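Here the structure is laid out as structure tokens; the discussion comes afterwards.
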Amino acid sequence: MNRREFLAGALAMPLGLSGRAAAQAPIFTGDMHFHSFFAESRYHARPLAQSLAAGNTTLAAWSLVGDLLWFDVKTYKQKSEPKAGEALGWFQRELGRIKEHIAQQNLKIVRTPADVDLALRGQTHIVLTVEGANFIDNNAAQRVKLAHDAGLRSIQLVHYTRNAIGDIQTEPSQLPGLTPLGKQVVRECNRLGILIDLAHSTEPAIADALSISQAPMIWSHGSVTRQPSSSGPVWRRRQLSLESAKAIASKGGVVGLWSLATDVGKTIEGYGDRMLELAEWLGDEHVAFGTDLNGLGPFGVVSGYGDLNRIVQHWQRKGVAEARIRKLAIENYARVLKAALRVPRT
Ligand SMILES: [Zn+2]
């Protein structure tokens, strides 16, 4: 067989047919949480397509920081209140910039479960999401629909500023859980097919969301601890209790491990090992990457998507079963996203 015939044969072969072909298929990776475009940051994942390709990363959630203008990025303290309409204006402007870059990069945006399947087969897709749904103001029905129409398929309810949805993890609680508006946001997300992201939410708010949501949810980024703390450094307050992580998992959800060096270790291998430990705690079906790339800047152990490949290789060297690697690397995120995107027929 000459080279041309060989190539033609390879191209004609349906995906995933022979065991040997499957074993040789690349291991794609996914990321439930990354940023880019922070005004003065030097840690952008740009140009995005090239950055993602370095990690075989085919499903990545680009998170617009919904409350960026209203907190101090050094202390993570709220510094002002958005005036009426300001948070929506910021959301729309920033989303415009994000979509422009995605289009320039010839990347696709996830809108349907079929798009997620394409990502699993190697066609890179971006999930549009927002960190802190302040743009909703007091209008759940209209604004969640607006976000869905704009292509968002994931919404993180809260971040570092107070909004009308619920309390934040890093400040003292003022509410018993989600507000009535917050509960309505959960229902609207379920109805339209938007994945709910509980990161930065308090434990009572998580419990409320779990009792209402018809779809599994994620905690996109952070870490899990047996000893949660409501005081101490911000990263300690950002940790999720093992109890709540298990509750999210028990409803089919997925917890993403961020790459904050102080928390997960100073090496890529250490981060990979922490992922395996989390999988032992929650089950192999309930853990994913949530790098927070660019959000953590110089404090993140993951400095580019090529590092996700290094983690996959580290797992392979350790003899982790391929099926387990694929779940952690991308399949868990894909599964929970597809489940949330499927609009209930009832
Ligand atoms: Zn965050």
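Every number here is computed from the coordinates shown, using simple stated rules; none is lab data. None of these values were measured; they are calculated from a predicted model. Note that we place each Cβ from the backbone using ideal geometry, even for glycine, and neighbour counts take in every protein chain shown.
The table that follows gives values for the structure above.
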{"read-out": "Amide H within-cut-off set for Val287, under 5 Å, with H built and near neighbours excluded", "value": "Val255"}
{"read-out": "10 Å Cβ shell holding at most 10 others, DSSP loop, trypsin sites (Lys or Arg not before Pro): longest site-free stretch of the chain", "value": "84-225"}
{"read-out": "Furthest towards positive pole of dipole, Ala133, Gly272, Asn56, structure part segment 27-341, Cβ charges", "value": "Asn56"}
{"read-out": "Potential lengthening between Thr262 and Ser250 on full extension [0.36 nm per residue; Cα-Cα distance subtracted]", "value": "1.5 nm"}
{"read-out": "Ranked Asp72, Asp292, Asp115, criterion: other C-beta atoms within 10 Å, fewest first", "value": "Asp72, Asp115, Asp292"}
{"read-out": "Length gained when the stretch Glu322-Ala25 is fully extended (0.36 nm per residue, less Cα-Cα span)", "value": "105.8 nm"}
{"read-out": "Charged-residue dipole, Cβ positions (Lys, Arg, Asp, Glu), segment 169-228 about Cα centre, Debye nearest 20", "value": "140"}
{"read-out": "Long-range HN-HN contacts of Leu195 with modeled amide H, under 5 Å", "value": "Ser154, Ile155"}
{"read-out": "Antiparallel bridges, percent of DSSP beta bridges restricted to segment 27-341 (to nearest 5)", "value": "10"}
{"read-out": "Debye, to nearest 20: dipole size of the chain, +1 on Lys, Arg Cβ, -1 on Asp, Glu Cβ", "value": "620"}
{"read-out": "Relative contact order, percent, segment 27-341 [alpha-carbon distance under 8 Å, six or more residues apart]", "value": "22"}
{"read-out": "Scattering curve values for the chain, log₁₀ I(q)/I(0), Debye with Cα scatterers, q = 0.07, 0.08, 0.11 Å⁻¹", "value": "-0.27, -0.35, -0.67"}
{"read-out": "Contact order normalised by residue count of segment 242-308, Cα under 8 Å, 6+ apart, percent", "value": "38"}
{"read-out": "Linear extension gain, Ser173 paired with Val234, 0.36 nm per residue minus alpha-carbon span", "value": "20.5 nm"}
{"read-out": "Ranking of Ser241, Ser154, Ser51 by count of other Cβ atoms within 10 Å, fewest first", "value": "Ser241, Ser51, Ser154"}
{"read-out": "Among Ala329, Ala150, Ala84: highest mean-square fluctuation, GNM of the chain, C-alpha pairs under 10 Å", "value": "Ala84"}
{"read-out": "Residue among Val254, Pro113, Ile155 farthest towards the positive dipole end of segment 27-341, charges placed on Cβ", "value": "Pro113"}
